[in-house]
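Working notes for the structure below.
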Amino acid sequence: MGFLDRFKKKPEATPPQPEPTPPAPDAQGPTTGTVRIGPKEQTVLMADRLATAAPPAKSPPPPAPAEPEVADEPPKKAGFFAKIRAGLKKTTRILNTDIRDLFKSEGRLVDDAFLDELLEILIKTDMGVASAQQAIDEVRSEFRGRVVHMEDVVGSLKRKLKELLKQPEQPIRFADTGTTVVMVAGVNGAGKTTSIAKLARTFIAQGKKVVLGAGDTFRAGAVKQLTIWAERLGAEIVTGEEGSDPASVAHRAVTRAVEVGADICIVDTAGRLQTQQNLMKELTKIHTVIGKKVPGAPHEVLLVLDATTGQNGISQAKSFSEAVKCSGIVLAKIDGTAKGGVIVAIRQQVGLPVKYLGVGESADDMTLFNPDQFVEAMFEDLMPAAGAT
Ligand code: GDP
Ligand code: MG
């Protein structure tokens, strides 16, 4: 039985994993029972979170220090391609080792056995069976029955993967005049706040004035985390009390941004699961409130996905887009996974463009997503991209 047949014939043999709840960094919140319960409206929200949170431990753990997670920033200046290459190191190392192993004996006959082995290697990168199969079909139609060298096959794979990842250029959509508002959403720990810092750094470096809105009023330490970034980056920040209405913080942030003539206002939101109806409604409310203040805003709603959670990100993306119309994806932590191929599955299965990649924890560790450069970086150890710096 071929490798693919195992997927085709026994889908029930690999049941979908239960959706993991991404770790909430230094979240105390409802599980420890230490959350301040505020007015009626917040009580409802808390109840919603409690309903989906893990049951409280018998004896609550001692409260961990609510230190915000803001990584130290080593000074670095890396070019565009260098960042993608560094971010994809884990993926590249494993993928390229596997492919090199396939060609231990120089030329290889492209037969079913070979194609099965190649398919297995691609699936290991988390690009999804359908995408991997399409790439294999390309190799089959080009080389079947012939003895080929690694460069032939890699060239063919690169061409197909670039095609699968293709999307129109995706710069941030700026307002024609006045303040551009960017709203950021995603599950807990996906990398929202860090991505906001990275975006702010990018815009500030372009000479733009940035105001941040600390709309995650839920997680202990979240406001402080963004405040530290704001101070470090030289951006103004608008905050609210822990537990206060995030829509009101968003409104005040956008109001302030307009008042001071900021080019961009980036609004953070608390992490939530796509299954939490009330919280998804809260996102819609934030969206509406922003739009009332600045017609046409938010100009971008960026969904931050954690690349290390693999294909689970795909169902997140679908549900988030249903609740709030997202305009693009920021795929964070691509540097933390050997399964960077997940981006192919995302592009194939989610009707949203990938705008940025998070390639590390510092504010410089973000790059625009460029499909061609991404694919070149994936196979860099085998065939260095011409002229890459
Ligand atoms: P949020 O809950 O969605 O706001 O997530 P955070 O921005 O607080 O990030 C959660 C953790 O992921 C923090 O420890 C970040 O430093 C880390 N993180 C965020 N983006 C990246 C990334 O692109 N690469 C790596 N390696 N870590 C990241
Ligand atoms: Mg956050």
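Couple of notes before you dig in:
- VAL344 being closer than 18 Å to VAL129 by Cα and either within 14 Å of ligand 1 (Cβ to nearest atom) or assigned to a helix (DSSP H, G or I) (or both): yes
- Count of the stretch 216-252 residues, restricted to those that are buried (at least 21 other Cβ atoms within 10 Å of the Cβ), polar (S, T, N, Q) and not in a loop (DSSP other than H, G, I, E, B), is 1.
- Verdict on VAL344 being of a type in the set (Val, Ile, Thr), closer than 23 Å to GLY87 by Cβ and buried (at least 23 other Cβ atoms within 10 Å of the Cβ): yes
- For the stretch 175-195, the set of residues classified as within 16 Å of ligand 1 (Cβ to nearest atom), β-branched (Val, Ile, Thr) and at pLDDT 95 or above consists of VAL182, VAL184, THR193, THR194, listed by residue number.
- No other residue among GLU282, GLU259 is touching a residue at least 24 places away in the same chain (Cβ under 8 Å) and out of contact with any helix residue (DSSP H, G or I) (no Cβ under 6 Å at 6 or more places or on another chain) apart from GLU282.
- Residues that are more than 16 Å from ligand 1 (Cβ to nearest atom) and not in a helix (DSSP H, G or I) were ranked within the stretch 271-303; the one that is nearest to ILE329 (Cα to Cα) is GLU300.
- Figure legend. Inter-residue proximity from the stretch 185-200: first residues not assigned by TED's automatic domain parsing to the domain that holds LYS281 and within 8 Å of ligand 2 (Cβ to nearest atom), second residues modelled with pLDDT of 95 or more and not in a helix (DSSP H, G or I), beta-carbon distance below 8 Å, spacing 6+ or different chains. No pairs are indicated.
- Flag if GLY155 is away from ligand 2 (no atom under 16 Å from the Cβ) and in a helix (DSSP H, G or I): yes
- Test: residue in the stretch 117-128 that is farther than 30 Å from VAL330 by Cα and not small (Gly, Ala, Ser): yes
- ARG232 vs. criteria of a type outside the set (A, V, I, L, M, F, W, C) and either over 30 Å from MET383 (Cα atoms) or within 16 Å of ligand 2 (Cβ to nearest atom) (or both): yes
- Residue among ILE121, ILE172, ILE99 that alone is modelled with pLDDT under 95 and crowded, with 16+ Cβ neighbours inside 10 Å: ILE172
- Selection from the stretch 98-152 of residues that are part of a loop (DSSP other than H, G, I, E, B) and not charged (D, E, K, R): PHE103, SER105, GLY107, VAL110, THR125, MET127, GLY128, GLY145, HIS149
- Subset of the stretch 207-220 that is more than 9 Å from ligand 2 (Cβ to nearest atom) and at pLDDT below 95 - its residue that is nearest to ILE264 (Cα to Cα): THR217
- Of the criteria (1) modelled with pLDDT under 95; (2) crowded, with 19+ Cβ neighbours inside 10 Å; (3) out of contact with any strand residue (DSSP E or B) (no Cβ under 6 Å at 6 or more places or on another chain); (4) part of a loop (DSSP other than H, G, I, E, B), which one LYS325 fails: (2)
- Looking across the stretch 196-215, just one residue is assigned to a helix (DSSP H, G or I), small (Gly, Ala, Ser) and away from ligand 1 (no atom under 14 Å from the Cβ), and that is ALA205.
Let's see how each residue does on (1) within 13 Å of the chain's Cα centre (by Cα); (2) farther than 26 Å from ASP176 by Cα; (3) crowded, with 19+ Cβ neighbours inside 10 Å; (4) not basic (Lys, Arg):
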{"residue": "ASP268", "(1), (2), (3), (4)": "no, no, yes, yes"}
{"residue": "ASN278", "(1), (2), (3), (4)": "no, yes, no, yes"}
{"residue": "HIS299", "(1), (2), (3), (4)": "no, no, yes, yes"}
{"residue": "THR309", "(1), (2), (3), (4)": "yes, yes, yes, yes"}
{"residue": "ALA317", "(1), (2), (3), (4)": "yes, yes, yes, yes"}
{"residue": "TYR356", "(1), (2), (3), (4)": "yes, no, yes, yes"}
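- Scanning the stretch 254-272 for any residue that is among the hydroxyl-bearing types (Ser, Thr, Tyr), in contact with a strand residue (DSSP E or B) (Cβ under 6 Å, 6 or more places away or on another chain) and modelled with pLDDT of 95 or more turns up at least one such residue.
- Top-ranked residue in the stretch 237-278 [being among the basic types (Lys, Arg) and more than 16 Å from ligand 2 (Cβ to nearest atom); ranked as farthest from VAL210 (Cα to Cα)]: ARG252
- Selection status of ALA262, buried (at least 22 other Cβ atoms within 10 Å of the Cβ) and assigned to a helix (DSSP H, G or I): no
- Test result for LYS104, without any contact (Cβ under 8 Å) to a residue 12 or more places away in the chain and either farther than 20 Å from ARG347 by Cβ or not aliphatic (A, V, I, L, M) (or both): yes
The values are calculated or read from the model by the stated rules, or taken from the named source; none is laboratory data. In this text the structure is predicted, and so the values were computed from the model without any measurement. Cβ sites come from the backbone with ideal geometry, for glycine too, and all protein chains shown count toward neighbours.
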